[in-house]
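Structure record follows, encoded as structure tokens.
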Amino acid sequence: MYLKMLKLLLPIFLTLFCQGLAQDRFIVFVSEYIGNIGSAVGRCPATIITDRHVLTTAACATPTNSSFQLAISIQMSFGSGYASRTISAERAFIHPNYTGDEYSNNVGVVLMGGLFNTTSLPPRSLGSIPSVNTTCRLFGWGGAPDNPETVEVVVHEPAYCFSDRPQAFCAEHSPPARACAALRGSPLVCNPLSVDGILLKTDCTEEDPGRFLQPYHSVDDFKEWIESVSGAQLVNQISTLLLLSALVISFNTAMKTKE
């Protein structure tokens, strides 16, 4: 009986285990090109949030000019090197209230002209930066995106950071801090399986003498809009429902076997 139960639960365990191994592999690069996609140049990191959508800043999701086209570059490392694949973007969604101010409504979603392998590149759920000062992890620069540079940062509420930028959370650094090398669009992770913040600009800015700040948006502040253009809520609900259903089916089958 226990052997049968193990056989029923093993696929679920392996799924969770593999997702755990892949939980750091959720970053791609938004790139742009003219004419030949093989000449695409990376602009900034983005976070996979569905099997076709990535989350980044509005500034990153806006091409340099009308001659450029956006693309998504996927890199996977192997041995001492890595392989890269670049796919054209179908569309970029820019937050309707974004006006070019890096600290306000600086959120963009890019739709890829293809599908991610969600086993090796699992989408992140939409989270939030906690309202109290907390330690989170900044991902996404240096090396291949499937093995990104990371660093812990302490994130503060907007009221602590800026007097006139109510949407901008921040981390405070003393350069040359590693975190200041992070690229705009890099994801901030405060919870294991979600993307909780987005880095708004590269480098740290000296707001006051000796006080260098690094600004972020909390994903939760824009969650409704992100879900409306990407369907991320539906994807997350389906994933949770499938997992719960599998657990219930396995449990019921095990009980019937026991009887």
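The values are calculated or read from the model by the stated rules, or taken from the named source; none is laboratory data. Every value quoted in this text rests on a predicted model; they were computed, and no experiment measured them. Neighbour counts run over all protein chains shown; Cβ positions are idealised from the backbone, glycine included.
For the stretch 172-206, which residues satisfy the criterion of being of a type in the set (A, V, I, L, M, F, W, C) and modelled with pLDDT of 95 or more? It would help to see each step written out before you state the result.
Pass one, the stretch 172-206, residues of a type in the set (A, V, I, L, M, F, W, C): 177, 179-183, 188-190, 193, 195, 198-200, 204.
Passing the criteria: Leu188, Val189, Cys190, Val195, Ile198, Leu199, Leu200.
Hey, any hits in the stretch 38-61 for a residue that's surrounded by fewer than 23 Cβ atoms within 10 Å (Cβ to Cβ), more than 25 Å from Ser194 (Cα to Cα) and in contact with a helix residue (DSSP H, G or I) (Cβ under 7 Å, 6 or more places away or on another chain)?
Within the stretch 38-61, none of the residues are surrounded by fewer than 23 Cβ atoms within 10 Å (Cβ to Cβ), more than 25 Å from Ser194 (Cα to Cα) and in contact with a helix residue (DSSP H, G or I) (Cβ under 7 Å, 6 or more places away or on another chain).
From the set of residues in the stretch 71-122 that are among the aromatic types (Phe, Trp, Tyr) and modelled with pLDDT under 95, which is farthest from Leu200 (Cα to Cα)?
In this case the residue turns out to be Phe78.
Could you list, in sequence order, all residues of the stretch 153-186 that are closer than 18 Å to Gly140 by Cβ, part of a loop (DSSP other than H, G, I, E, B) and not charged (D, E, K, R)?
Result: Ala177, Ala182, Leu183, Gly185, Ser186.
What number of residues in the stretch 187-216 are touching a residue at least 12 places away in the same chain (Cβ under 8 Å) and either among the aliphatic types (A, V, I, L, M) or assigned to a loop (DSSP other than H, G, I, E, B) (or both)?
Qualifying residue count for the region: 17.
For the stretch 149-175, enumerate the residues that are under 21 Å from Cys44 (Cα atoms) and exposed (fewer than 12 other Cβ atoms within 10 Å of the Cβ).
If the condition is that a residue be under 21 Å from Cys44 (Cα atoms) and exposed (fewer than 12 other Cβ atoms within 10 Å of the Cβ), then Glu152 is the only one that fits.
Quick one: would you say Ile226 is over 14 Å from Ser104 (Cα atoms) and touching a helix residue (DSSP H, G or I) at 6+ places or on another chain (Cβ under 7 Å)?
yes
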